[in-house]
Amino acid sequence: MLKSLFVYGVLGVMLIPVKSEQITVCVEEDDELRVDCQIEPKPNRINSYEFALSIGKRQLIINTNVSGGSAEEEFKGKSRVEELDPHGYRMTMTSFREYLSDDTIFLCKISGESDSISVQKDNLATCSAVSLLLKSSWSWTVCLLLFFYHTHS
Ligand SMILES: *[C@@H]1O[C@H](CO)[C@@H](O)[C@H](O)[C@H]1NC(C)=O
């Protein structure tokens, strides 16, 4: 009992910094842009998503299924959206580089709640670096677990 409390405590602490970001942007190995939006939907609201970007005064919808909303012509067929676990959506798009400036803002909206992140073209994370971070926190967990079982068996 105490043992598992400890393990979940350690796991929880490690996951907090990852979980607190509701929107993340990175570039995949195949050179597609990935935007993860993990806003928790409110119960009893219509489930919908919208991904957009804004450069200067222009705001362009990339992909949405909000009823009545539609993506800009220039983005049609260039992006796809999948559901994330336990909630949220991932949007992946091709040919994104022309939209990157010194201050491009990516926005997402889930069931009416929105969040945004500013991205600079010279300082875009690659997704493998992000997952490496996750992997390294996992290996720390494994180390701790091994250590724990070692000292208590
Ligand atoms: C949008 O897509 C999600 C997942 O495919 C679905 O659950 C939801 O009902 C859709 N919303 C609308 C307004 O079509």
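The values are calculated or read from the model by the stated rules, or taken from the named source; none is laboratory data. Note that the structure is predicted; figures quoted are calculated from it, not measured. Counting neighbours? That spans all protein chains shown, and the Cβs are built from the backbone with ideal geometry, glycine included. Keep in mind that these areas ignore ligands, DNA and RNA; they rest on the heavy atoms of the full protein, side chains included. Shrake-Rupley method; radii C 1.70, N 1.55, O 1.52, S 1.80 Å.
When region 42-59 is filtered for residues that are open to solvent by 30 Å² or more (accessible area, probe 1.4 Å) and more than 12 Å from the ligand (Cβ to nearest atom), the ones remaining, listed by number, are 42, 43, 44, 55, 56, 57, 58, 59.
Looking across region 60-87, the residues that are open to solvent by 40 Å² or more (accessible area, probe 1.4 Å) and polar (S, T, N, Q) come down to 65, 67, 70.
In a helix (DSSP H, G or I) and either more than 16 Å from the ligand (Cβ to nearest atom) or under 23 Å from residue 30 (Cβ atoms) (or both): does that describe residue 74? So residue 74 passes the test.
For region 1-41, filtered to residues that are surrounded by 12 or more Cβ atoms within 10 Å (Cβ to Cβ) and in a helix (DSSP H, G or I), the residue that is modelled with the lowest pLDDT is 18.
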